[in-house]
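**Student:** To start, I am sharing the structure in question, which I have written as structure tokens.
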Amino acid sequence: MSRTKPRIVVVGAGIAGSLIVSGLRDRTDCEVVCLERAGAADHAEAGTGLNIGPNAMACLDLHLPREAAAIRAASLPWNRWTVALTSGEVLMDLPLARVADTPGIRIRWAELYALLRRPIAPFVTYGAEVTECVMAAGDRAVRYRDRTTGESREIRDIDLLVAGDGRYSLVRQAVLGGPEVPHMLDVCLYRILFPAGPVCPIDDYGQWFNGPNRLLAFRVPGDLVYCAGSFPIPPGAATPDHMKRPEALAARYRPAGRPPSREAAYLIDAVVRNVDAIHWARLQEGCVTFSGTPGVLLMGDAAHPMVPTLGQGATQACEDACVAVDEIAAALSAGQPLDRVPAWVEERRAERARFVVSLSRDATDTMLAGADPVAGTALKATPAFQGRLSRLYRDIPERRSVGRARDVDSVE
Ligand SMILES: Cc1cc2nc3c(=O)[nH]c(=O)nc-3n(C[C@H](O)[C@H](O)[C@H](O)COP(=O)(O)OP(=O)(O)OC[C@H]3O[C@@H](n4cnc5c(N)ncnc54)[C@H](O)[C@@H]3O)c2cc1C
């Protein structure tokens with residue numbers, strides 16, 4: 001290749017993609033291009049919120065402090081995790097400080113995407129849907145469709161292709177050699193965001209169970225409440241339409257023979273009122289893979305699709321981005337080829353990602369058909385489970401010393 005600067009192409013300006021571009025935006029020793037399918041003003045997830053774990057915030061503080069500060073400024077702190085029955089009985093009240101060194105955050109999706117994308121605008125082509133990738137050594141390329149004009153375009157001579165294109169990643173499919181059959185957990189998960197109103201009893205992160213049917217809610221900035229409801233569905237099936245009706249949803253959360261608690265009554269009412277605005281999803285996960293072919297790096301959901309039970313999907317995308325920027329910066333500073341970066345990231349990330357995927361699956365036990373939330377939550381209050389939570393929230397990726405050359409033969 002005759003270019004003097006290595007070319008990095010990032011597919012997707014979601015959480016992982018935006019953070020990687022942001023972490024590289026001041027460098028003058030590489031060319032960075034980000035292709036994003038959505039239009040500059042589109043926000044597919046605008047109607048929802050999310051919590052980001054303490055581990056992402058501690059990791060961003062260490063690796064990307066500018067981005068950490070921007071996220072904190074637009075969010076509320078996540079300090080507490082409570083679990084109760086919809087009848088009001090409290091099952092767990094965990095101050096996060098017991099298992100973490102810094103609070104997590106609560107934020108609106110639209111706000112998070114906007115604040116991550118704002119500073120990287122010069123690097124992003126919006127309305128650019130990647131349709132094909134070529135991954136041969138010496139001829140790495142992507143083809144994309146300009147969604148405004150319908151034209152097909154191409155970028156060739158890519159030194160590092162980064163997949164930040166999320167759960168249905170086209171790049172992941174190309175790496176794995178075809179579409180993957182995800183592992184479905186037979187649980188429907190839906191999300192809404194609505195104005196808190198004058199008598200809102202919801203504040204920090206809480207969960208309310210009636211059998212395995214769960215309401216999760218917390219406030220986000222803008223005086224809004226984010227609520228994610230879930231319930232088991234028939235094995236192997238899509239969520240049947242009759243289960244999505246307002247009266248069916250409400251009946252799932254009403255405790256038998258007792259009135260719902262103030263919080264549960266408020267949320268049930270909100271679900272019924274906002275039923276037309278619900279985003280429906282199903283719990284699913286896939287295998288962990290960050291690389292698989294030189295010069296192609298998978299990140300975030302493209303690397304480790306996981307169930308969102310512990311709010312670790314976007315959280316792990318933040319950790320991934322920190323390590324990717326760390327490795328890319330080290331390779332650039334040492335004048336090393338970027339096609340080894342995916343293997344180095346895999347070496348640092350794979351074990352942790354597998355731990356988080358498996359902990360998230362284990363924590364889903366109380367949401368499965370037939371589960372007993374009282375017994376299941378009692379397990380989450382044990383030192384054994386909280387030890388795993390402490391590892392989750394505290395065991396964040398360290399920084400490599402920038403410029404320290406990797407032994408290029410050390411990882412195959
Ligand atoms: C119901 C539910 C609740 C969740 N709650 C939480 C939570 O509270 N906390 C948490 O941490 N995680 C949560 N998650 C998980 C979280 O949404 C994801 O893990 C996270 O968004 C992954 O980030 P990403 O950067 O990998 O992908 P995304 O943020 O999904 O970004 C992918 C980007 O790639 C773009 N793109 C896709 N295909 C193409 C293409 N072909 N060409 C160009 N661009 C493309 C998309 O438009 C998008 O901008 C939840 C998930 C679900 C389903």
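The values are calculated or read from the model by the stated rules, or taken from the named source; none is laboratory data. Predicted model, so just to flag it, every value in this text is computed and none were measured. Neighbour counts run over all protein chains shown; Cβ positions are idealised from the backbone, glycine included. Each accessible area value is taken on the protein alone, full model and side chains, heavy atoms only, with ligands, DNA and RNA left out. Shrake-Rupley method; radii C 1.70, N 1.55, O 1.52, S 1.80 Å.
**Student:** Do you know which of the residues in the stretch 46-73 that are at pLDDT 95 or above, open to solvent by 20 Å² or more (accessible area, probe 1.4 Å) and of a type in the set (Gly, Ala, Ser) is nearest to LEU115 (Cα to Cα)?
**Tutor:** ALA70
**Student:** Six or more apart or on different chains, Cβ atoms under 6 Å: show the pairs whose first residue is in the stretch 218-231 and on the phi > 0 side of the Ramachandran plot and whose second is at pLDDT below 95.
**Tutor:** Qualifying pairs under 6 Å: none.
**Student:** Now, a different point. SER291 passes all but one of (1) open to solvent by less than 20 Å² (accessible area, probe 1.4 Å); (2) modelled with pLDDT of 95 or more; (3) of a type outside the set (Asp, Glu); (4) more than 9 Å from the ligand (Cβ to nearest atom); which number fails?
**Tutor:** Evaluating SER291 over (1) open to solvent by less than 20 Å² (accessible area, probe 1.4 Å); (2) modelled with pLDDT of 95 or more; (3) of a type outside the set (Asp, Glu); (4) more than 9 Å from the ligand (Cβ to nearest atom) leaves (2) as the failure.
**Student:** What are the residues in the stretch 178-217 that are within 20 Å of GLU111 (Cα to Cα), touching a Leu at 6+ places or on another chain (Cβ under 8 Å) and among the hydrophobic types (A, V, I, L, M, F, W, C), if any?
**Tutor:** Of everything in the stretch 178-217, those that are within 20 Å of GLU111 (Cα to Cα), touching a Leu at 6+ places or on another chain (Cβ under 8 Å) and among the hydrophobic types (A, V, I, L, M, F, W, C) turn out to be LEU193, PHE194, ALA196, ALA217.
**Student:** Of everything in the stretch 26-65, what is among the acidic types (Asp, Glu) and either more than 27 Å from PRO77 (Cα to Cα) or within 13 Å of the ligand (Cβ to nearest atom) (or both)? Give them in sequence order.
**Tutor:** ASP26, ASP29, GLU31, GLU36, ASP42, GLU45 - these are the residues of the stretch 26-65 that are among the acidic types (Asp, Glu) and either more than 27 Å from PRO77 (Cα to Cα) or within 13 Å of the ligand (Cβ to nearest atom) (or both).
**Student:** On to the next question. Can you name the helices (runs of 4 or more DSSP H) wholly within the stretch 309-381 that have at least 1 residues being closer than 16 Å to VAL21 by Cα?
**Tutor:** Here the list reads 313-333, 341-362.
**Student:** Here is a list of conditions, (1) touching a helix residue (DSSP H, G or I) at 6+ places or on another chain (Cβ under 7 Å); (2) hydrophobic (A, V, I, L, M, F, W, C); (3) surrounded by 19 or more Cβ atoms within 10 Å (Cβ to Cβ), and TRP109 meets all of them except one; can you say which number that is?
**Tutor:** (1)
Rundown of residues vs (1) polar (S, T, N, Q); (2) closer than 30 Å to ALA265 by Cα; (3) touching a helix residue (DSSP H, G or I) at 6+ places or on another chain (Cβ under 7 Å), yes/no style:
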site: GLN207; (1), (2), (3): yes, yes, no
site: ASN210; (1), (2), (3): yes, yes, yes
site: GLY222; (1), (2), (3): no, yes, no
site: SER230; (1), (2), (3): yes, yes, yes
site: PRO234; (1), (2), (3): no, yes, no
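**Student:** Another question about this same structure. Search the stretch 132-146 for residues being surrounded by fewer than 16 Cβ atoms within 10 Å (Cβ to Cβ) and among the charged types (D, E, K, R), and hand back the single one that is farthest from VAL11 (Cα to Cα).
**Tutor:** Checking each candidate, the answer is ASP139.
**Student:** Same structure again: From the list VAL134, VAL142, which one is without any contact (Cβ under 8 Å) to a residue 12 or more places away in the chain, over 26 Å from ALA281 (Cα atoms), in a strand (DSSP E or B) and more than 20 Å from the chain's Cα centre (by Cα)?
**Tutor:** VAL134
**Student:** Let me ask something else about it. How about the stretch 3-114: which helices (runs of 4 or more DSSP H) wholly inside it have at least 3 residues that are closer than 28 Å to TRP280 by Cα?
**Tutor:** Output list reads 15-24, 54-63.
**Student:** Taking the stretch 88-101 on its own, how many of its residues are open to solvent by less than 40 Å² (accessible area, probe 1.4 Å) and farther than 18 Å from PHE218 by Cα?
**Tutor:** The qualifying residues number 2.
**Student:** Ok, one more. Select from the stretch 149-168 the residues that are in contact (Cβ under 8 Å) with a residue 12 or more places away in the chain and more than 14 Å from the ligand (Cβ to nearest atom) and write down the one among them that is most open to solvent (accessible area, probe 1.4 Å).
**Tutor:** ARG156
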